[in-house]
Amino acid sequence: MIDAQGFRPNVGIILCNTQGKLFWGRRIGQESWQFPQGGIQRDESPDCALFRELWEEVGLGKDDVTVLGRTRGWLRYRIPRRYVRRSRPVCIGQKQIWYLLQLLSPEERIQFDRTGLPEFDGFQWVDYWAPLDQIVNFKRGVYRRALGELERHYRSVIADAESDRGLPEVPVGTPQA
């Protein structure tokens with residue numbers, strides 16, 4: 001499903017653990033890393049797509065997470081010309097609603113083989129802004145905007161983690177472009 005401007009509707013998922021680290025998935029058979037994401041199907045809401053993609057890509061259900069926040073609107077990125085498929089309708093990029101989730105279940109619940117076509121074959125927990133240094137260039141702006149908009153929701157996770165450890169709250173802060 002492609003909109004009139006050539007963008008494919010999509011959801012992006014930022015999953016954090018109780019220590020405030022983010023799930024960073026390794027694309028299957030590659031050395032590239034990203035957050036889980038996937039297309040919104042016809043007649044599917046972004047919220048429904050979120051939970052379908054969460055299940056398909058990382059094997060987690062609604063009871064395994066809590067939704068901390070989502071972006072107010074669509075965040076768009078264009079794909080490089082060499083990746084544009086010329087079939088009709090032409091897709092020039094993606095528009096995404098991003099969600100910040102907190103993992104409630106043990107991380108052992110994460111599974112990549114829920115479908116016959118897994119997206120990831122590994123993951124690591126990373127600091128909040130670390131993905132900006134590793135994501136492919138054409139997605140970097142969307143990642144920066146999503147992380148920036150969702151940071152206020154993330155701060156509650158950090159505050160809880162620090163109070164559990166008896167540490168003073170440390171501001172997260174947006175990195176410079």
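The values are calculated or read from the model by the stated rules, or taken from the named source; none is laboratory data. Predicted, not measured: the structure shown is a model, and the values here were computed from it. All Cβ positions, glycine included, derive from the backbone under ideal geometry; neighbour counts span all protein chains shown. These accessible areas exclude ligands, DNA and RNA; they are computed on the full protein's heavy atoms, side chains included. Shrake-Rupley method; radii C 1.70, N 1.55, O 1.52, S 1.80 Å.
Listed conditions (1) buried (at least 17 other Cβ atoms within 10 Å of the Cβ); (2) free of Cβ contacts under 8 Å to residues at least 24 places away in the same chain are all met by Ala4, apart from (1). Got at least one residue in segment 89-101 being surrounded by fewer than 18 Cβ atoms within 10 Å (Cβ to Cβ), within 15 Å of the chain's Cα centre (by Cα) and among the aromatic types (Phe, Trp, Tyr)? Among the residues of segment 89-101, not one is surrounded by fewer than 18 Cβ atoms within 10 Å (Cβ to Cβ), within 15 Å of the chain's Cα centre (by Cα) and among the aromatic types (Phe, Trp, Tyr), which makes the answer no. Taken together, the residues in segment 52-63 that are surrounded by fewer than 19 Cβ atoms within 10 Å (Cβ to Cβ) and either closer than 21 Å to Tyr154 by Cβ or within 17 Å of the chain's Cα centre (by Cα) (or both) amount to 6. Can you spot a residue in segment 7-21 that is under 26 Å from Gly141 (Cβ atoms), buried (at least 19 other Cβ atoms within 10 Å of the Cβ), in contact with an Asp or Glu (Cβ under 7 Å, 6 or more places away or on another chain) and aliphatic (A, V, I, L, M)? Yes, some residue in segment 7-21 is under 26 Å from Gly141 (Cβ atoms), buried (at least 19 other Cβ atoms within 10 Å of the Cβ), in contact with an Asp or Glu (Cβ under 7 Å, 6 or more places away or on another chain) and aliphatic (A, V, I, L, M). Close Cβ contacts (under 8 Å, 6 or more residues apart or on different chains) running from residues in segment 75-94 that are within 20 Å of Ile40 (Cβ to Cβ) to residues that are in a strand (DSSP E or B) and aromatic (Phe, Trp, Tyr) comprise Leu75/Trp98; Arg76/Phe7; Cys91/Phe7; Ile92/Phe7; Gly93/Phe7; Gly93/Tyr77; Gln94/Phe7; Gln94/Tyr77. None of Arg27, Arg82 is open to solvent by 20 Å² or more (accessible area, probe 1.4 Å) and touching a Phe, Trp or Tyr at 6+ places or on another chain (Cβ under 7 Å) except Arg27.
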